[in-house]
Amino acid sequence: VGVFKGDVTIKNLTLENGFAGVAAAPGGVVRSTLIENCKLIGNNFGFMHFKTNASNTDHRLRLSHCIVSDNGANGATFGSPWIMDNCLVADNAGHGIYSYSPGFGYMLNLTVIGNGADGLMFYDGGGIVVAGNGEYGVYGEKYADRVELNRSCLYGNASGDVTQKSSGKVKQNDLITGEDPLLDETSALRGHIGKGSPCAQAGCVYENRPL
């Protein structure tokens, strides 16, 4: 799906096997994009927002209750102010979530697992589980002072949970590291927090229903 003009809402779709599940253009022609209850699977990019100036607040993006998985590059790439909540971002070949605009994005209750590169590149958020990614869980080297981790769990990321160059600068509140989040691995609930998890207040509920 290409998003280039107007205010756009996309709901309840499976978008697969394309260049991008959703590709959006920057600037004032698209003022607001909401993607809700969608699956972005098996594309070159899951969600791609073309890079724009970090100060551009005209285009606001939100991904809510989505599954972004098995895409050939990054799961989600953002270039302007954005929010992402209650999504599973899993098994993408590149980064799980990448933001060109540090300090202009916010994430709440996500599960970011099994991606080929870093789980997260530059973000503020809470309730995030970042586990089993191919490089770092959180990479914020250049803009580490703009990164804040709240009520989140980092576990088993191949290169480490937070980049060493940024670990002393990243703001951390109620951060759990080194403890298995006990994620549900069944196909219907993959990425949801399992019983007895130390990360009970984190992770995604992407089917719009309580655990």
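Return the only residue of G119, G114, G72 being without any contact (Cβ under 8 Å) to a residue 40 or more places away in the chain, buried (at least 23 other Cβ atoms within 10 Å of the Cβ) and not polar (S, T, N, Q).
Of G119, G114, G72, the one residue that is without any contact (Cβ under 8 Å) to a residue 40 or more places away in the chain, buried (at least 23 other Cβ atoms within 10 Å of the Cβ) and not polar (S, T, N, Q) is G119.
Just one of the numbered conditions (1) modelled with pLDDT of 85 or more; (2) over 23 Å from P181 (Cα atoms) is not true of T57; which one?
Every listed condition holds for T57 apart from (1).
Can you tell me which of L189, L182 is surrounded by fewer than 22 Cβ atoms within 10 Å (Cβ to Cβ), more than 14 Å from G96 (Cβ to Cβ), of a type outside the set (S, T, N, Q) and at pLDDT below 85?
Working: L182 fails: at pLDDT below 85.
Sole residue among the options that is surrounded by fewer than 22 Cβ atoms within 10 Å (Cβ to Cβ), more than 14 Å from G96 (Cβ to Cβ), of a type outside the set (S, T, N, Q) and at pLDDT below 85: L189.
The values are calculated or read from the model by the stated rules, or taken from the named source; none is laboratory data. Keep in mind that this is a model prediction, so the values were computed, not measured. In this analysis, Cβ positions are derived from the backbone assuming ideal geometry, glycine residues included, and neighbour counts consider all displayed protein chains.
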